[in-house]
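For reference, the structure discussed in these notes is given below.
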Amino acid sequence: MSCDCGKTCAPDADAANACDAEDKAKCGCGPAPKDRPLTGENFTATRNACKLCAPLGACLAFRGIEGCLPFLHGSQGCATYIRRYMISHFREPMDIASSNFGEESVVFGGRKNLSDGLTHVIESYRPEVIGIATTCLAETIGDDVGMYVKEFISADKKKVDLPHILHASTPSYSGSHADGYQWAVRAIVDQLAVDGPNEKFIGVFPGMISPADLRYLREIMDDFGMSHTIAPDYSDPLDGPVWGDYHKIPAGGTPVREIAKLGRASAVIELASTISDKQSAASLLDEKFSTAVFRVGLPIGIRQSDKFHKVLEQITGKPTPAKHAAERGRLVDAYVDGHKYTFGKEVIIFGEEDFVVGMTAFCAEIGLKPVLCASGGSSGKLRECILEAAPEVDPETPILESVDFAEIEVATFNLKPDLLLGNSKGFTLSRKAGVPLIRVGFPIHDRISGPRSLHLGYRGAQRLFDTICDKLMELQQDGNDIGYTYI
Amino acid sequence: MAEEKINLLEKRKAQVHEGGEFAMEAEKQSLAGSVSQRSCSFCGSRVVLYPIADAIHVVHGPIGCASYTWDIRGALSSGPELHRLSFSTDMQEKDVIYGGENKLYNAICELIDEYKPSAAFIYSTCIIGVIGDDVNAICKKVQKKKGIPVIPVDSEGFKGSKKEGYKAACDALFKLAGTDDHPVKVPKSINILGDFNLAGEIWIIKDYYERMGVNVVCSVSGDGRIDDIRKAGRAHLNIVQCSGSVSNLAKMLETEYGTPMSRASYFGIEDMSKALYDVADFFDDDDMRAGAQRVIQEEVAKLVPQLAPYRKDLQGKKAAVYTGGAFKVFSLVRSLRTLGMDVVIAGSQTGSVEDYKLLSELCDPGTVILDDTNPLELAKYVKEKDVDLFIGGVKERPIAYKIGVGFCDHNHERKEALAGFIGMLNFAKEVHSSVMSPVWQFAPRRAGGQG
Ligand code: SF4
Ligand code: SF4
């Protein structure tokens, strides 16, 4: 059992050649030397992960394309788990097909499973688009999905009937669900967008945000009077009405023809901060079509939203519409009314990296004090992006990537913050540590409001501010014996 | 949108029975490309072993398989709660290339030092076999070093459906059951197998058995403990509940210790009563029989008047039932009858041809029977049969809700006890609150609209 460092991790078998902590950290088979006592001992294992796997993010992205059925190439369990996980948040149907690997597929490759699977899915769903993402197994055995798809298309006699078949490579051992989302969006754009004369419209890559956020983005763009394409947009497929008839594929999503046009957009806005150029769909458009790219972090809070509005003003040459300026005005008024309740209160913020950047910027501007910003992601950019977006944050503040919930739990006991801000998976530690959790982001498995939670823009900041302030006031009220009726 | 005609996939036809002569097929591998409700063998193993509360459960593989199974079930423990933690080796690209054995070794050793479990279960997920990690060897090495059982679970997902995972879990359990240092039979004793103690159901059942004078040696795996499982050979009888997820273990115990097994279901008045009488009959013990009678009389006398108002409202309403294992469907059909309801659609993910034949006999003629179905089929029949209630797992909920049909979760995520006599009352309440809610009047299907 020796590994690439040349030593062995089983000291009883081979004492002379035993590796030490440093060796282990170097070759990745042990934890990095303890550099964060705040979160307790370091462990090799991930305990209560603060991340999900890449195909989940890809399925979410594919769900935001009109008429698209997500399809996982690999074994069936992954698709079933991911469906279940997403359904528990969105409470909407989330069909994900799978090529259902068996032992033969692992030995001989998944070519046949893929073509059989595509045939059956086309027959039963009649989708306009199929979005294939790969599970770890397909990636590990080295299936070349791009080639299989080409073969499948050329083998088909009556080509006219075939749906668009898109594919993204999403090995979970190379990234989390947040990465999987970006990989898929980039793959979608790569495979659909075509060149042509510029047209007057804006493309928006919104990031992993809620259906409510997507709707609100649409509203803002509409109010600016600029035509636009938000890609992907799963607001309708993942927060839709009750139906009279069952629809195989829920209505809504960004149409393929609009994504195809992205190569001709006058500008694209990408709401992201920590992603690399290699992951970015906007950078791809820039490379391929020299599209003008504006990248702003998720517009959470006034400052981040101002940046977003400024970009829109710059592109459209119009001022922010009065309705939104008024919303901003009321928001500032609410900040003023509530500032005493938030000032100096300590918070721990966790979730996907881009989300943590936005939330931290917001918390910092309302006087909350982030004492830990944590993510299961590992872009290497979290600290840099937070300090840039939130100048109030003390540079000494622990800002940690690759953390899990067991570590956040230890930190919560050590730091004793007033609030936790993050997804519902923080509930376990919130309960143990007796620190209230404000549920934001994804997933929210224990409340009904997840898909309708607004985070972005002035309106999202208003909701977040009200929620946080109300909670802090409630704590203050419940925490004293007098029972004040005015606070 | 115009009405979409939903045709059955040609190859699926044999797995659907719409009345008439019975000629179904089952136990097939899911078709590539169908959106099956089934999952993988890892999932099956995880379901069975998950409730063992004083063991750590370590998932060897990339992160997702562990993330999606973190604390997903309400399998209660009366003591330690290690099972509610999720541990993964979180394989990275490097590990996939060079192998994950060292990482696994270090991970297990550290976790054992930190959490001091009575045993460790190590689950292999899909890529582990492919990259060639020798998980068995690592487990042996750690076991020797740490002095507790470190049990590999051969659960690579692609190797089969949930059922194969059940088998792998039973193999793992049997390794423990064979390590009793004092294998002497306990008088008038049983094991309760295949109950996961969801919402504390094992405690309810145990209480009935004890009140009728039966000793319970161990429960597998609900509220499970490593030491209790070791003692499994000491019981005279193994009661295997419902889904059959641990029937393999029962078979192994029968071969090894000569312990016979008997199947039971704890859902509904009839099946619950039968479960108690069966044990008394097995021991052929009059005191026990009298005890069972007393328990049943007491409980039913309390229950029946409480059920009456629900029954009145629910009379004649129509239900669809779709579960993981086939055995549970039978109980649900009977329970729904107790409430005056008719089952018009019934099916499961993993039933056998035999199961479906019996089911078609139990149900009214014309009842649609489904094996390993998918959302499209479910929706088609739910609509055709105009059902008032759908009972299934969490994945079926949005299908039911989208077409405006009431839904009850009878799967692993339920938070109310549905087993036992008290469970029947909870079941009635839940069914009632689903079927009778005024919100359905707004669903297009009832409001006469289209959506
Ligand atoms: S094998 Fe990979 S894709 Fe499948 S659930 Fe696990 S992490 Fe996700
Ligand atoms: S199919 Fe394989 S990889 Fe997917 S969840 Fe199951 S064990 Fe994990």
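The values are calculated or read from the model by the stated rules, or taken from the named source; none is laboratory data. Note that the coordinates shown come from a computational prediction; the quantities given were computed from them, not determined experimentally. Neighbour counts run over all protein chains shown; Cβ positions are idealised from the backbone, glycine included. Areas reflect the complete protein model, heavy atoms only, side chains present, ligands, DNA and RNA absent. Shrake-Rupley method; radii C 1.70, N 1.55, O 1.52, S 1.80 Å.
Numbers at a glance
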{"quantity": "Count of segment B:129-146 residues which are open to solvent by 80 Å² or more (accessible area, probe 1.4 Å) and either β-branched (Val, Ile, Thr) or within 10 Å of chain A (Cβ to nearest Cβ) (or both)", "calculated": "2"}
{"quantity": "Helices (runs of 4 or more DSSP H) enclosed by segment A:304-413 - at least 1 residues per element that are open to solvent by 50 Å² or more (accessible area, probe 1.4 Å)", "calculated": "A:322-342, A:382-389"}
{"quantity": "Pairs, first free of Cβ contacts under 8 Å to residues at least 60 places away in the same chain in segment A:273-286, second open to solvent by 10 Å² or more (accessible area, probe 1.4 Å) and assigned to a helix (DSSP H, G or I), C-beta under 7 Å, six or more apart", "calculated": "A:ASP277/A:SER283"}
{"quantity": "Test: residue in segment A:64-83 that is out of contact with any strand residue (DSSP E or B) (no Cβ under 7 Å at 6 or more places or on another chain) and more than 13 Å from ligand 1 (Cβ to nearest atom)", "calculated": "no"}
{"quantity": "Residue that is more than 30 Å from A:VAL204 (Cβ to Cβ), more than 7 Å from chain B (Cβ to nearest Cβ) and of a type in the set (Val, Ile, Thr), where the choices are A:ILE65, A:ILE122", "calculated": "A:ILE122"}
{"quantity": "Residue that is farthest from ligand 2 (Cβ to nearest atom), among those in segment B:114-159 that are aromatic (Phe, Trp, Tyr) and closer than 27 Å to B:ALA250 by Cα", "calculated": "B:PHE121"}
{"quantity": "Of all residues in segment A:89-108 being aliphatic (A, V, I, L, M) and open to solvent by 10 Å² or more (accessible area, probe 1.4 Å), the one that is farthest from the other protein chains (Cβ to nearest Cβ)", "calculated": "A:VAL107"}
{"quantity": "Subset of segment A:68-81 [within 19 Å of the chain's Cα centre (by Cα) and either at the interface with another protein chain (Cβ under 7 Å from one of its Cβ atoms) or among the polar types (S, T, N, Q) (or both)]", "calculated": "A:CYS78, A:TYR81"}
{"quantity": "Enumeration of residues in segment B:243-255 that are at pLDDT below 90 and at negative phi", "calculated": "B:SER243, B:SER245, B:VAL246, B:SER247"}
{"quantity": "Filter pass, B:ILE131 being more than 28 Å from the chain's Cα centre (by Cα) and over 20 Å from A:ASN42 (Cβ atoms)", "calculated": "yes"}
{"quantity": "Lone unmet requirement of (1) in contact (Cβ under 8 Å) with a residue 40 or more places away in the chain; (2) within 26 Å of B:SER335 (Cβ to Cβ) for B:MET252", "calculated": "(2)"}
{"quantity": "Single residue of B:ASP371, B:ASP313, B:ASP355, B:ASP286 found to be open to solvent by 30 Å² or more (accessible area, probe 1.4 Å) and closer than 21 Å to B:PHE22 by Cα", "calculated": "B:ASP355"}
{"quantity": "Residue that is nearest to ligand 1 (Cβ to nearest atom) [pool: residues in segment B:68-97 that are open to solvent by 10 Å² or more (accessible area, probe 1.4 Å) and of a type in the set (Gly, Ala, Ser)]", "calculated": "B:GLY74"}
{"quantity": "Subset of segment B:55-95 that is without any contact (Cβ under 8 Å) to a residue 60 or more places away in the chain and of a type in the set (D, E, K, R) - its residue that is farthest from the other protein chains (Cβ to nearest Cβ)", "calculated": "B:GLU81"}
{"quantity": "Neighbours by Cβ (under 8 Å, 6+ apart or cross-chain): first from segment A:75-88, open to solvent by less than 10 Å² (accessible area, probe 1.4 Å); second away from ligand 2 (no atom under 11 Å from the Cβ) and of a type in the set (Asp, Glu)", "calculated": "A:ARG83/A:ASP95"}
{"quantity": "Selection count, segment A:293-303, where residues are crowded, with 20+ Cβ neighbours inside 10 Å and part of a helix (DSSP H, G or I)", "calculated": "2"}
{"quantity": "Exclusive hit being within 28 Å of A:SER88 (Cα to Cα) and of a type outside the set (S, T, N, Q), set A:ARG447, A:ARG383", "calculated": "A:ARG447"}
{"quantity": "Failed criterion for A:PRO237 (all others in (1) in contact with a Pro (Cβ under 8 Å, 6 or more places away or on another chain); (2) assigned to a helix (DSSP H, G or I); (3) open to solvent by less than 10 Å² (accessible area, probe 1.4 Å) hold)", "calculated": "(2)"}
{"quantity": "Qualifying residue in segment B:98-115 (condition: within 12 Å of ligand 1 (Cβ to nearest atom) and in a loop (DSSP other than H, G, I, E, B))", "calculated": "no"}
{"quantity": "Odd one out for B:LYS162 among (1) over 28 Å from the mean Cα position of the chain (by Cα); (2) within 16 Å of ligand 2 (Cβ to nearest atom)", "calculated": "(1)"}
{"quantity": "Residues of segment B:104-113 satisfying the condition of being in contact with a strand residue (DSSP E or B) (Cβ under 9 Å, 6 or more places away or on another chain) and either more than 16 Å from ligand 2 (Cβ to nearest atom) or facing chain A (nearest Cβ under 8 Å) (or both)", "calculated": "B:ALA107, B:ILE108, B:LEU111, B:ILE112"}
{"quantity": "Candidates A:SER280, A:SER273, A:SER290, filtered to the one that is touching an Asp or Glu at 6+ places or on another chain (Cβ under 7 Å) and open to solvent by 10 Å² or more (accessible area, probe 1.4 Å)", "calculated": "A:SER273"}
{"quantity": "Out of B:VAL435, B:VAL382, B:VAL387, sole residue that is among the β-branched types (Val, Ile, Thr), open to solvent by 10 Å² or more (accessible area, probe 1.4 Å) and touching a residue at least 40 places away in the same chain (Cβ under 8 Å)", "calculated": "B:VAL435"}
{"quantity": "Condition check for B:ARG46: of a type in the set (D, E, K, R) and either within 16 Å of ligand 2 (Cβ to nearest atom) or at pLDDT below 95 (or both)", "calculated": "yes"}
{"quantity": "Count - residues of segment B:103-139 that are in contact (Cβ under 8 Å) with a residue 40 or more places away in the chain, closer than 21 Å to B:CYS43 by Cα and of a type in the set (S, T, N, Q)", "calculated": "2"}
{"quantity": "Entirely in segment B:164-279, the helices (runs of 4 or more DSSP H) that have 1 or more residues that are touching a helix residue (DSSP H, G or I) at 6+ places or on another chain (Cβ under 8 Å) and of a type in the set (Phe, Trp, Tyr)", "calculated": "B:201-211, B:247-257"}
{"quantity": "Listing of helices (runs of 4 or more DSSP H) fully contained in segment A:58-134 that carry 2 or more residues being over 28 Å from A:MET208 (Cβ atoms)", "calculated": "A:103-108, A:111-125"}
{"quantity": "Pick from segment A:141-178, criterion in contact with a Phe, Trp or Tyr (Cβ under 8 Å, 6 or more places away or on another chain) and β-branched (Val, Ile, Thr), ranking: farthest from the other protein chains (Cβ to nearest Cβ)", "calculated": "A:ILE165"}
{"quantity": "Counted residues, segment A:42-56 - those being more than 7 Å from chain B (Cβ to nearest Cβ), more than 8 Å from ligand 1 (Cβ to nearest atom) and in contact with an Asp or Glu (Cβ under 7 Å, 6 or more places away or on another chain)", "calculated": "1"}
